[in-house]
1. Take Gly301 and decide whether it is of a type outside the set (A, V, I, L, M), outside the structural domain of Ser90 (by TED's automatic domain parsing) and on the phi > 0 side of the Ramachandran plot.
2. Among residues belonging to the range 113-147 that are more than 22 Å from the chain's Cα centre (by Cα) and not aliphatic (A, V, I, L, M), point out the one that is nearest to Ala173 (Cα to Cα).
3. Going by the conditions given, is Phe150 in contact with a strand residue (DSSP E or B) (Cβ under 6 Å, 6 or more places away or on another chain), assigned by TED's automatic domain parsing to the domain that holds Gly333, farther than 29 Å from Phe10 by Cβ and of a type in the set (Phe, Trp, Tyr)?
4. Would you confirm whether any residue within the range 217-235 is surrounded by 22 or more Cβ atoms within 10 Å (Cβ to Cβ) and among the β-branched types (Val, Ile, Thr)?
5. Taking strands (runs of 3 or more DSSP E) that do not extend beyond the range 4-100, which have at least 2 residues that are touching a helix residue (DSSP H, G or I) at 6+ places or on another chain (Cβ under 6 Å)?
6. Looking at the range 140-153, which of the residues that are in a helix (DSSP H, G or I) and of a type outside the set (A, V, I, L, M) is surrounded by the fewest Cβ atoms within 10 Å (Cβ to Cβ)?
7. It is to be established whether one or more residues within the range 218-233 are outside any helix (DSSP H, G or I) and closer than 30 Å to Phe99 by Cβ.
8. What's the total number of residues in the range 51-89 that are under 23 Å from Gln14 (Cβ atoms) and out of contact with any strand residue (DSSP E or B) (no Cβ under 6 Å at 6 or more places or on another chain)?
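The values are calculated or read from the model by the stated rules, or taken from the named source; none is laboratory data. The shown structure was predicted, so the numbers you read here are calculated from the model rather than taken from an experiment. Because the Cβ atoms are built from the backbone with ideal geometry, glycine has one as well, and the counts that use them run over all protein chains shown.
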Amino acid sequence: MPERVEAVRFEAGQLVLLDQTLLPNEKEFLRLEAVADVWEAIKTLRVRGAPAIGGAAAYGLYLGVREVPDDVGREAFMAKLTEVRDYLASSRPTAVNLFWALDRLVGVAMAEPGSDVASLKARLLAEARAIQAEDEAMCRAIGEHALKLFDGVDAVLTHCNAGGLATMGIGTALAPIYLAAERGRTIRVFADETRPLLQGARITTWELDQAGLPVTLITDGMAATVMRRGKVQAVIVGTDRVAANGDVANKIGTYGVAILAHEHGIPFYVAAPSSTIDFATRNGDAIEIELRDPDEVRRLGGRQTAPAGIDVFNPAFDVTPARYVSAIVTEKGVVTAPYEVNLRKVVLGE
């Protein structure tokens, strides 16, 4: 397996995060012990990618209650746990893994009514570690399923970053690239730069270059030409949330890439951990889309590139309708249309 950089880990009582806002120029790890610092890291994209956000939030929830005295009583502890859960949930609105991980830990605590506070804290940390272990296994399983779709594929296009730095394993969309390399096969990645925060340019290219894997950087506006010239045979992206009907929320610009792939007869695949599938959300219209700071668009690389007061529309995500999605690849298998039926069948076993 090519070497990868761990974005999230918990050691010596600290949550250790690779500060992805500094890439590609600096490789710096944050060591966090306060829940406020975890909230800030999620909010400001120091940690990003739905699975990595979920894992960081789980550890953050534990850190937020770790110092609660063991003798406060269960009721007071649960009140504090709920308070920290709600605080961390306020950091970002779109990635469903954030809420899934937080609610999973709260559920574990609620399911053990006879436990004392010290035991509950130990149980929360164990559950956060379990989420990490499951995420590592999930990434590899998605990679195995996705690689079967890549027969005859020499190059793929991806948007944003859904590699190891977005998860606690080898990634989702990039997992088949790592597994192919592990087996002596080369698949080149064409990475959209992903404006306005350049996750493709700053993070995807850095990650793949660090691993010694072939990657070609393109601007977002070059994707159509790359497809028309036959330089890629598939598109694969990650996702922050999948609605019950197969609509996919992912980094802004994904919708346009999906339309281009459809126009050029290129399959458009979505790598989606089952934890990102939100059966409670009927379709993509119901997904809350995060709006971010206008200066992310007005400025580039710290320099003003537009008039300071100009109006800006800056959604962090868009929704790709299910009709443009060739398949959704989960750790439990490949799902194809009709998604309303088959997502439940593959993911829930219904």
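1. Values: of a type outside the set (A, V, I, L, M): yes; outside the structural domain of Ser90 (by TED's automatic domain parsing): yes; on the phi > 0 side of the Ramachandran plot: yes.
Taking the combined requirement at face value, the residue satisfies it.
2. Among those residues, the one meeting the criterion is Arg123.
3. No; evaluated as a whole, the condition is false for this residue.
4. Residues of the range 217-235 that are surrounded by 22 or more Cβ atoms within 10 Å (Cβ to Cβ), as a first pass: 223, 232, 234-235.
Going one step further and asking which of them are among the β-branched types (Val, Ile, Thr), we end up with 232, 235.
Yes, the conditions are met somewhere in the range 217-235.
5. Passing ranges, in order: 8-11, 14-18.
6. Restricting attention to the range 140-153, the residues satisfying the condition of being in a helix (DSSP H, G or I) are 140-150.
Those left that are additionally of a type outside the set (A, V, I, L, M): 140, 143-145, 148, 150.
Values: Arg140: 16, Gly143: 25, Glu144: 14, His145: 20, Lys148: 10, Phe150: 20.
The residue in question is Lys148.
7. Taking the range 218-233 as the starting set, the residues that turn out to be outside any helix (DSSP H, G or I) are 218-219, 229-233.
Now restrict to residues that are closer than 30 Å to Phe99 by Cβ: none.
The answer is no, given that none of the residues of the range 218-233 is outside any helix (DSSP H, G or I) and closer than 30 Å to Phe99 by Cβ.
8. Selection size over the range 51-89: 25.
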